[in-house]
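Take a look at the structure below.
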Amino acid sequence: MHNAEPGYDEFWQFSCACYAHKDIALHALALQDKHDVNVNLLLLLCWCLKHGAVINLAQFRQLAQALSDSEKALVVQRRKRREMHPDNGGDEQSYNACKQQELTLEREQQRALIRAFHDLDEVTMVAADGQNAVLNASVAAFIHCYGLRDSKPARRHISTIVGQLAGFNEA
């Protein structure tokens, strides 16, 4: 255990607000669809940046591994939801039911993520004036976790999200 540990509901609320802030959802979905980035892990990165927590590469890999089974279920549900979209010939009621099922799976995955985060051996905490250190360490670790170092489009999406976090207030 470590100093900054979000609770399940706290992290869900943070995630919903962060995801809705400016263009974060657009960039998060592009990272998900084009680079197989887990959006919940991306949102945890955002939480860490806002709260002064530093996660290293080994820890990101540990967290990603903890989500592997739930991610498979989410990929299947996401595909099903997209197929049920009214633009693809599905009906609105079935599509909305699929969306709700997907949200339930997302929330369950977040619970698993927060449990795994709480189980990390050590998360480094920095003072508010050490924000640049958090950006350098956690963002770089995230980029390497997903093998995005050589992908300019992916790095651009991440950079935009990090930039938009500057104006994000949780309250």
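Quick look at the values:
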{"quantity": "Failed criterion for residue 90 (all others in (1) assigned to a loop (DSSP other than H, G, I, E, B); (2) in contact with a strand residue (DSSP E or B) (Cβ under 7 Å, 6 or more places away or on another chain) hold)", "calculated": "(2)"}
{"quantity": "Residue, surrounded by the most Cβ atoms within 10 Å (Cβ to Cβ), within the stretch 31-54, restricted to residues that are under 17 Å from residue 112 (Cα atoms) and β-branched (Val, Ile, Thr)", "calculated": "37"}
{"quantity": "Residue list for the stretch 49-80, restricted to those being touching a strand residue (DSSP E or B) at 6+ places or on another chain (Cβ under 7 Å) and among the hydrophobic types (A, V, I, L, M, F, W, C)", "calculated": "53, 54"}
{"quantity": "Residue count for the stretch 84-95, restricted to those that are out of contact with any His (no Cβ under 6 Å at 6 or more places or on another chain) and surrounded by 13 or more Cβ atoms within 10 Å (Cβ to Cβ)", "calculated": "4"}
{"quantity": "Residue among 28, 17 that alone is surrounded by fewer than 21 Cβ atoms within 10 Å (Cβ to Cβ), in a helix (DSSP H, G or I) and of a type in the set (Gly, Ala, Ser)", "calculated": "17"}
{"quantity": "Unique match (being under 14 Å from residue 158 (Cα atoms) and within 14 Å of the chain's Cα centre (by Cα)) among 28, 17, 64", "calculated": "28"}
{"quantity": "Residue 112 vs. criteria more than 21 Å from residue 33 (Cβ to Cβ), part of a helix (DSSP H, G or I) and either touching a residue at least 40 places away in the same chain (Cβ under 8 Å) or not hydrophobic (A, V, I, L, M, F, W, C) (or both)", "calculated": "yes"}
{"quantity": "Given (1) farther than 29 Å from residue 163 by Cβ; (2) out of contact with any Phe, Trp or Tyr (no Cβ under 9 Å at 6 or more places or on another chain); (3) not aliphatic (A, V, I, L, M), number of the condition residue 85 does not satisfy", "calculated": "(2)"}
{"quantity": "Residue check for residue 78: assigned to a helix (DSSP H, G or I), within 29 Å of residue 119 (Cα to Cα) and over 14 Å from the mean Cα position of the chain (by Cα)", "calculated": "yes"}
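Let's see how each residue does on (1) touching a residue at least 12 places away in the same chain (Cβ under 8 Å); (2) assigned to a helix (DSSP H, G or I):
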{"position": "60", "(1), (2)": "yes, yes"}
{"position": "70", "(1), (2)": "yes, yes"}
{"position": "94", "(1), (2)": "no, yes"}
{"position": "104", "(1), (2)": "no, yes"}
{"position": "108", "(1), (2)": "yes, yes"}
{"position": "142", "(1), (2)": "yes, yes"}
{"position": "147", "(1), (2)": "no, no"}
{"position": "163", "(1), (2)": "no, yes"}
{"position": "167", "(1), (2)": "yes, no"}
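None of the figures in this text is laboratory data; all of them are computed from the coordinates on show. The model shown is predicted, which means the values in this text are computed figures rather than measured ones. Neighbour counts are summed over all protein chains in view; Cβ atoms, including those assigned to glycine, are modelled from backbone coordinates with ideal geometry.
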